[in-house]
1. Whole-Hz Karplus ³J(HN,Hα) for the range 128-137, in order, using 6.51 cos²θ - 1.76 cosθ + 1.60 and θ = phi - 60°, x for Gly and Pro?
2. Report the dimensions of the range 1-139 along its three principal axes from the alpha-carbon atoms, largest first, rounded to Å.
3. How much net charge surrounds SER145 when only other residues with a Cβ under 15 Å from its Cβ are counted (Lys, Arg +1; Asp, Glu -1)?
4. Within the range 42-126, what whole-number % of the accessible surface is contributed by carbon and sulfur, with the 1.4 Å probe and all protein chains included in the calculation?
5. Need one number: % antiparallel among DSSP beta bridges in the range 1-128, to the nearest 5.
6. Using only DSSP helix segments of four residues or longer, with each worth -39500 (n - 2.57), what per-residue ellipticity at 222 nm results for the chain after dividing by its residue count and rounding to 500?
7. Work out from phi, with θ = phi - 60° and the Karplus expression 6.51 cos²θ - 1.76 cosθ + 1.60, the ³J(HN,Hα) of each residue of the range 164-173, listed in order in whole Hz, and give x for Gly and Pro.
8. Can you tell me the accessible area per residue over the chain, all protein chains present, probe 1.4 angstrom, in square angstrom?
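The values are calculated or read from the model by the stated rules, or taken from the named source; none is laboratory data. A quick note: this is a predicted structure, and the numbers were derived from the prediction, not measured. A quick note on method: Cβ atoms are made from the backbone with ideal geometry, for glycine too, and the neighbour counts reach across all protein chains shown. All accessible areas refer to the heavy atoms of the entire protein, side chains included, with ligands and DNA or RNA removed. Shrake-Rupley method; radii C 1.70, N 1.55, O 1.52, S 1.80 Å.
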Amino acid sequence: MSAAPLVLLAGMNCTTDLWTGCGLDDALTPAVDADDLDAQVDRLLRTLPGRFVIGGLSLGAIVAMALAVRAPERVVGLCVTAANAKAPTPRQREGWAVWLDRLSAGESPAALQAGILPVLLSASARETRPDLVERTIRMAEETPSRVLEAQLRLQGSRIDLLPHLRSTAVPTLVVAGADDALCPPDFLDEIAAALTGARQERLEAGHLVPLERPSEFGALVRAWRAGTDAVPRGASARSGRTGASHGPL
């Protein structure tokens, strides 16, 4: 039996360069460019193979978790990296609104990315790896303004996924960056605690874990992925939308 295909979803204002050097070159890398979480999950379920392993970073991981909640029968394995499963805070909503205003005023995604480098890369990476700083900015240069605008609106449609994850039985790998200033390790601890049997790992990196630690991250995902097909599937959460009572998924 062939292994289930791997799907990787990049974070906001990032591109597939996020996964370069991870040794995960067989992965499908669909865009995260819908302006609503429910719509993004709908699109992925329409276009992806019947069953798959899905992973993502930050916003990409939020989409992956929402998809696993909606359709656990389609998900062979779930990999969550550097993410926050809780609903947006008022401060986050204000920040996204500011970015939308700045984009509307003509500021570029790259300029916005440059202003948040301290929360994307660890201090060590910023000080000693100018190549990683350059790649972080370049990913934003390659992200059209309309895509970043959609991603910001998608962020605003998020809900608290933690209660739904508690009833979702999917083999899961949860990876935190030890120096992540945006989604600190305790955010990932919450996600792992909500998912029965989740495997937790922590790498010495900032928010963009695969960019800073490609070899280590790739090795973790490959080893974990190899075991997903051998894991018996337990009882899954019922499929279908949860948005009717909890908001859009």
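1. Working through the residues one at a time gives 10, 10, x, 5, 6, 4, 4, 5, 4, 5 Hz.
2. In descending order, the Cα extents are 46, 34, 25 Å.
3. Values: positive: ARG102, ARG146, ARG153; negative: ASP33, ASP35, ASP101, GLU107, GLU141, GLU142, GLU149.
Within the 15 Å Cβ shell, the charges total -4.
4. On the way: 1730 of 3100 Å².
Ligands and nucleic acids excluded, carbon and sulfur give 56 percent.
5. On the way: 0 of 11 bridges.
DSSP beta bridges in the range 1-128 are roughly 0 percent antiparallel.
6. The helix-only estimate for the chain comes to -13000 deg cm²/dmol at 222 nm.
7. Computed from phi, the couplings for the range 164-173 are 6, 5, 5, 10, 10, 9, 9, x, 9, 10 Hz.
8. Values: 10490 Å² over 249 residues.
The answer is 42 Å² per residue.
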